[in-house]
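Q: Handing you a structure now.
Values in this text are rule-based calculations from the coordinates and carry no lab data. Note that the structure is predicted; figures quoted are calculated from it, not measured. For neighbour counting, all protein chains shown are included, and Cβ atoms are generated from backbone atoms with ideal geometry for every residue, glycine included.
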Amino acid sequence: MSQRTLVLLKPDTVKRGLVGEVLSRFEAKGLTIVAMEHRLIDGSKADEHYVEHVERDFYPPLRAFVTSGPLVALLLEGDEAIEVVRAINGATDGRKAAPGTIRGDLSLSNRENLVHGSDSPESAEREIAIWFPQH
Ligand code: RTP
Ligand code: MG
C-alpha cells in the first residue's frame, strides 16, 4: 500500500555534507520525493515534532541538537514507505545499527544519528501536518 512518511535529515547530516549521500539512498530505493525543504527550526517547533519525548531526560540535548543548524525536511512516498524508511535508517543508536543502514554506515552516536523517520501511520499524518501543512 502506498504511504507517505516524514523524514528529517538532521543538522548533523547537513553539517557533515551528507545530504546527497543520504538522499540518494532513499531515491535509489525507489521512494518519491513529494516535498523537500531546507530550514532552521526553533525550540517550539522541535517541541511540537518531538511531543512524545519532551518529558524524557534525553530531550533537552536532543532539542539543542535539532535546533543547532539547518536541517532538511522531506515528504517521501512509496509502497510501505514508513517501514521501508525506518529499515533504511537503521536502529536509533548508530553504534549498534546494522551495516548497510544509514545510521550503521555513517553514525557513531545515539543522538547525532542523521535521520528521523515517522514510526507509524498516525505519526506520519501528525508530522506531515506539522512540516508540510500544504500537503
Ligand atoms: P527518530 O524518531 O529520529 O526517527 O529516531 P527513533 O524513532 O529511532 O528514536 P526515538 O526513540 O524516537 O528518539 C528520537 C531521537 O532522540 C534521540 N535520542 N537520544 N538516550 C538518548 O540519548 C537518546 N535516545 C534517543 C535520537 O536522535 C533519536 O533519533
Ligand atoms: Mg522516533
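Q: Short version: ³J(HN,Hα) in whole Hz for each residue of the stretch 48-55, in order, from phi by Karplus 6.51 cos²θ - 1.76 cosθ + 1.60 (θ = phi - 60°), x for Gly and Pro, what are they?
A: 5, 5, 9, 3, 6, 10, 4, 8
Q: What dipole magnitude, in Debye to the nearest 20, does the stretch 2-131 give about its Cα centre under +1 on Lys/Arg Cβ and -1 on Asp/Glu Cβ?
A: Details: 16 positive and 21 negative charges, 103 e Å.
Dipole of the stretch 2-131, to the nearest 20 debye: 500 debye.
Q: Of the peptides 113-126, 35-48, how do they stack up when ordered by the mean number of other Cβ atoms within 10 Å, highest first?
A: Working: 113-126: 18.6, 35-48: 13.3.
By packing density, highest mean first, the sequence is 113-126, 35-48.
Q: Any chance you could get the radius of gyration and Dmax over the Cα atoms of the chain, in Å?
A: Taking only Cα atoms of the chain, I get Rg and Dmax of 13.7, 37 Å.
Q: Same structure, new question: Restricting the count to DSSP beta bridges whose residues both fall in the chain, what percent are antiparallel, rounded to a multiple of 5?
A: On the way: 18 of 19 bridges.
Beta bridges within the chain, antiparallel portion: roughly 95 percent.
Q: Measuring from centroid to centroid over Cα atoms, what is the spacing of the stretch 25-60 and the stretch 90-115 in Å?
A: Rounded to whole Å, the Cα centres lie 16 Å apart.
Q: Sorting check: for 49-55, 60-66, which peptide has the highest mean count of neighbouring beta carbons within 10 Å, and how do the rest follow?
A: Going by the mean number of other Cβ atoms within 10 Å, highest first, we get 60-66, 49-55.
Q: For the stretch 2-131, what's the relative contact order in percent, using C-alpha pairs closer than 8 Å and at least 6 residues apart? If you can, show how the numbers build up before the last one.
A: Values: 225 pairs, mean separation 49.0, N = 130.
Relative contact order, the stretch 2-131: 38 percent.
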